[in-house]
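Worksheet: one structure, shown below.
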Amino acid sequence: MIEFEDVGHSYGERVVLTGVDLRLAERRVAFVGANGSGKSTLARMINGLVAPTSGRVLVDGLDPSRQGREVRRRVGFVFTNPDSQIVMPTAGEDVAFSLRRAGLPRRERAERAAALLAEYGLGGYADHPAHQLSGGQKQVLALCAVLALDPAVLVCDEPTTLLDLRNKRRFVELLGGLEQQVVLVTHDLDLLGGFDRVVVIDGGRVVADDEPEPALRHYRALVT
Amino acid sequence: MTPGGWYEPGSSPLHRAPAGGKFAALLVLAAAVFALRSPAWLGAICAAVVLAYGVARVPLRRCAGVARSLAVLAAFVFVLQWWLLGAGQALVVCLRVVAALAAANLFTITTRIDDVVSAVEGGLAPLRRFGVRPDRIGLLVGLTLRAVAALSAIAAEVREAARARGAQRSVTAFAVPFLVRTLRHADELGEALAARGEGDG
Ligand SMILES: Nc1ncnc2c1ncn2[C@@H]1O[C@H](COP(=O)(O)OP(=O)(O)OP(=O)(O)O)[C@@H](O)[C@H]1O
Ligand SMILES: [Mg+2]
């Protein structure tokens, strides 16, 4: 359960979020809204990358800005650009890097990493230089590296923005099959078919919060 | 040095040798190369390194890549040293550079970074009681090696973009986007590491 209680945020003088009250228990939640509306800022609060300047955020009752370590163990985060998420030279090593913290012996780490890559369609790429993968494969690799830590919640900030249509679909299908609770920030509205709840943000406020169809209707009306 | 100068999967004896041992051997070789002055000896070491590439069964494509960048560098060093110190000295310096860099490249081609990191951690473990965090230093080594690849990729892209705009000679057309992108990369990398729980101890 992710809770925002009267959350506000400002960068210096600039107020970017005000009065956000949300309790997110659904398995598939999306944040949509115009550029600069505050979606990323809100999403980053879930794992403590940004601390609210007023109000508070709770993840399973834990405060990300105080109990960051416990929260980050529960919350995985996928960013837009896979190139800055992949920290090791080969795909297998990058996933193994996540497992390093689980204190597994080296051989077991490599085996687990290879198994995880295979499960998500990157079988045989364990020894492949990560920077030579396609954009779509890189993003799947970034996802694998996060899932290796076995989080309960997955926050994805525009994970499909750099992907072509086929890879967008494939990535969202992968997300659809996960047991994790997923919070997806996106501009790709046609990918939200299977979602339980869509939160529309505008000018730092929640302006609609509903099932995909009515919420997106509201969002489209806002734009036109 | 070369972008893409990274691990090449394989099963040769050099691939299977422990990373710590290989690293120690590389250090000894580098020290020897800088102590030796005889072109004959240095030439022999270069030949031995070339032979080692054969033992490691490094694909020709990779060998060619290493050879190409070393040739450019060696030519540059040779001309410079010839001008400054004369031909004999220039040859010695060239052979040193070629031997050391070729060996270092062979190390990165045959060794997984994960193994290097583990070896560094293992080697530094005794320092733990003095407050050194071997896992941190291991991560630092891994990220440094990875940063070299990231920076050369950014440099290549920025140079390409500058060329596309016909600004290949302009220093600012390279330096400004290179700096901006490097800083942004550093920011994003830091965030991604924090999100993966690195720094939480
Ligand atoms: N580090 C920062 N310092 C100052 N201002 C920032 C910072 N990060 C974001 N902002 C500002 O906060 C506002 C909200 O940004 P945010 O990134 O949350 O928007 P977003 O909804 O994710 O937009 P997009 O769809 O473009 O990703 C913007 O006006 C942005 O300029
Ligand atoms: Mg954003």
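Numbers below:
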| item | result |
| --- | --- |
| Residues within region A:168-210 that are closer than 22 Å to residue A:38 by Cβ and charged (D, E, K, R), tallied | 7 |
| Criterion: open to solvent by less than 10 Å² (accessible area, probe 1.4 Å) and either on the phi < 0 side of the Ramachandran plot or in contact with a helix residue (DSSP H, G or I) (Cβ under 7 Å, 6 or more places away or on another chain) (or both) - qualifying residue of A:43, A:34, A:25 | A:43 |
| Check on residue A:121, within 9 Å of chain B (Cβ to nearest Cβ) and not aliphatic (A, V, I, L, M) | no |
| Elements of type strands (runs of 3 or more DSSP E) in region A:159-222, at least 1 residues being over 24 Å from residue A:143 (Cβ atoms) and among the β-branched types (Val, Ile, Thr) | A:197-202, A:205-210 |
| Residue list for region A:19-71, restricted to those being assigned to a loop (DSSP other than H, G, I, E, B), within 13 Å of ligand 1 (Cβ to nearest atom) and either touching a strand residue (DSSP E or B) at 6+ places or on another chain (Cβ under 7 Å) or touching a residue at least 24 places away in the same chain (Cβ under 8 Å) (or both) | A:34, A:37, A:38, A:46, A:49, A:50, A:52, A:53 |
| When residues of region A:72-92 are limited to those that are touching a residue at least 24 places away in the same chain (Cβ under 8 Å) and assigned to a helix (DSSP H, G or I), the one surrounded by the fewest Cβ atoms within 10 Å (Cβ to Cβ) | A:73 |
| Helices (runs of 4 or more DSSP H) completely within region B:86-201 that count 2 or more residues being of a type in the set (Asp, Glu) and closer than 28 Å to residue A:149 by Cα | B:113-124, B:171-195 |
| All positions within region A:34-45 that are more than 14 Å from chain B (Cβ to nearest Cβ) and near ligand 2 (Cβ under 9 Å from one of its atoms) | A:35, A:36, A:37, A:38, A:39 |
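The values are calculated or read from the model by the stated rules, or taken from the named source; none is laboratory data. Because the structure is predicted, anything quoted here is derived from the model rather than measured. All Cβ positions, glycine included, derive from the backbone under ideal geometry; neighbour counts span all protein chains shown. Calculation scope for accessible area: heavy atoms of the full protein, side chains included, ligands and nucleic acids excluded. Shrake-Rupley method; radii C 1.70, N 1.55, O 1.52, S 1.80 Å.
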